[in-house]
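The values are calculated or read from the model by the stated rules, or taken from the named source; none is laboratory data. Nothing here was measured: the structure is a model prediction, and the numbers come from that model. Here the Cβ positions follow ideal geometry from the backbone for every residue, glycine too, while neighbour counts run over all protein chains shown. Heavy atoms of the whole protein, side chains included, go into the accessibility calculation; ligands, DNA and RNA do not. Shrake-Rupley method; radii C 1.70, N 1.55, O 1.52, S 1.80 Å.
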Amino acid sequence: MGNRDEIRQLPEGALGLVAEMFKALSEPMRLRLVQALMEGEKTVSELVEETGGLQANVSKHLGVLLDAGVVGRRKQGLHSYYRITDETVYELCDLVCGSVRERLSADLKGFSTTGTPRA
C-alpha cells in the first residue's frame, strides 16, 4: 500500500481530482460497469447485457467514468469499445471490496443461529 502521507502532499486542486474519482465510483451501476470491464474491453451492447441496464443509462454512466479518466474508449466502425485505463482502479477495488467482505463476515459472526445479535 502507498505512503499515507501522499494525501497530505497533494495541493488543494489535486484533492478535487481525487474527490471526482471517488464520486465517479460512488454509484452501483458504475461499479458494475467497472467490474465487467475488469475482464477486458467490451462494447456498450455487451455491457448492457452483462449489467442488465438500459442502453441510455449504461452510456450515461460510461460517460461519467470516461470523464473521470477511469475508462477509455476507442471507436471501430459502428461500435465503441470501453476499457479500464486507470490501473489503480484494480487495487482500489480489491482494497475496498476486501474491507467490505471482512466487515460483512464479522457482522454475520455477530449473530447467533436464531438470528439475534449476541450480547
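Identify, by number, the condition in (1) open to solvent by 80 Å² or more (accessible area, probe 1.4 Å); (2) in a strand (DSSP E or B); (3) of a type in the set (Phe, Trp, Tyr) that Tyr82 doesn't meet. Here Tyr82 meets the rest and fails (1). The criterion of being touching a strand residue (DSSP E or B) at 6+ places or on another chain (Cβ under 6 Å), under 19 Å from Glu20 (Cα atoms) and in a helix (DSSP H, G or I) does not hold for Leu92.
Tallying residues that are among the aliphatic types (A, V, I, L, M) and open to solvent by 50 Å² or more (accessible area, probe 1.4 Å) within the range 31-65 yields 5. Listed by position, the helices (runs of 4 or more DSSP H) contained in the range 1-64 that have at least 3 residues being at pLDDT below 85 and not acidic (Asp, Glu) are 12-24.
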